[in-house]
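Contents: one structure, followed by commentary.
The values are calculated or read from the model by the stated rules, or taken from the named source; none is laboratory data. If you're wondering where the values come from, they're calculated on a predicted model, not measured in any experiment. Ideal geometry is used to build each Cβ from the backbone, glycine not excepted, and the neighbour counts take in all protein chains shown. When the accessible area is computed, the model is the full protein with side chains, heavy atoms only, and any ligands, DNA or RNA have been set aside. Shrake-Rupley method; radii C 1.70, N 1.55, O 1.52, S 1.80 Å.
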Amino acid sequence: MRYFLELSFNGKYFSGWQIQKHQISIQETIEKCLSLILRKTIPIVGASRTDSGVNALQMFAHFDYFRVLKKKTFLKKINFILPSYILIKNLISVKPKANARFDVISRHYQYRLNIYKGPFSSNYFNFPFLNLNFGLIKKAVFLLKRIEDFRSFGKDINCFNKCKLYSLTWKIRKRVIYIDIIANRFLRNMVRRIIGVCLYIGIRKINLLEFFLYVKSKTRLLDCPSVPAKGLYLVRIIYPKNIFNF
């Protein structure tokens, strides 16, 4: 049988989702705990390979097991032995060929940006520029939503780079800027680099003509850094309903 795990995690304490040598990853931590309670080596496949420091309010992973699992008992056992930085919120029975990574319809990330100092400033990225020009950022977003080739925003410009950007919005609430970005898929580092470029446009370090030429040329803008991982949250993942055993 195949199961989906719905989970959340604090990425501050891990080197990212994917297993790496000499580093503590979220995937490896969950696999060890799963294998312990099920008494069998259990590999998992995650919906997204988040970078070191990236957080998740909702994440999914799938695994296979030869027996029917009782959700309440399973959740109690797995959360008892997992570190407090990871929480398994649900166990969902799915169709045998359902895939947590490749069946995703959309992924929703949110970036949280402080523009003032405060007691919780260390949780997010601090950006002390109060004169952000949101009119310029809005024009940059207009251009971004009309392209499909995002190789300029990924770490590997030679990888498969076609993405469909559904939404990119900027909102200010209680001294924090919330940047929500939804797409069918993301390249490695793509979200943080898009936000970094938009911020540079907003403080007029890059003009819109330079941005247009940058996107058109499909090359990297070397003097524009991506924003730090600690302000990034994976918020929601959408799947087609027909993969679930309801």
message: Kindly evaluate D64 against the criterion of being of a type in the set (D, E) and modelled with pLDDT under 95.
response: no
- request: Residue by residue through segment 23-36, note down the ones that are open to solvent by 20 Å² or more (accessible area, probe 1.4 Å), among the hydrophobic types (A, V, I, L, M, F, W, C) and modelled with pLDDT of 95 or more.
  value: L36
- line: Filter segment 188-246 for residues that are β-branched (V, I, T) and over 21 Å from the mean Cα position of the chain (by Cα); the one that is modelled with the lowest pLDDT is T219
- prompt: What are the residues in segment 38-51 that are buried (at least 16 other Cβ atoms within 10 Å of the Cβ) and not in a strand (DSSP E or B), if any?
  reply: L38, I42, I44, A47, S48, T50, D51
- request: Collect the residues in segment 31-54 that are within 20 Å of Y233 (Cβ to Cβ) and touching a Leu at 6+ places or on another chain (Cβ under 7 Å), keeping them in residue-number order.
  value: S48, T50, V54
field: Members of segment 1-37 found to be outside any loop (DSSP other than H, G, I, E, B) and basic (K, R), listed by number
entry: R2, K12, K32
- request: Sort out which residues of segment 157-199 are outside any strand (DSSP E or B) and surrounded by fewer than 16 Cβ atoms within 10 Å (Cβ to Cβ), and write them in order of number.
  value: I157, N158, C159, F160, K164, K174, R175, N184, R188
field: Residue ID - surrounded by the fewest Cβ atoms within 10 Å (Cβ to Cβ), chosen from residues in segment 223-246 that are in a loop (DSSP other than H, G, I, E, B) and out of contact with any helix residue (DSSP H, G or I) (no Cβ under 9 Å at 6 or more places or on another chain)
entry: F246
- prompt: Across segment 58-105, what is the total count of residues that are more than 15 Å from Y3 (Cα to Cα), among the aliphatic types (A, V, I, L, M) and exposed (fewer than 14 other Cβ atoms within 10 Å of the Cβ)?
  reply: 2
- prompt: Are any residues in segment 1-51 of a type outside the set (S, T, N, Q), touching a residue at least 40 places away in the same chain (Cβ under 8 Å) and farther than 19 Å from D103 by Cα, and if so, which ones?
  reply: F9, G11, K12, Y13, F14, I26, I30, C33, L34, L36, I37, D51
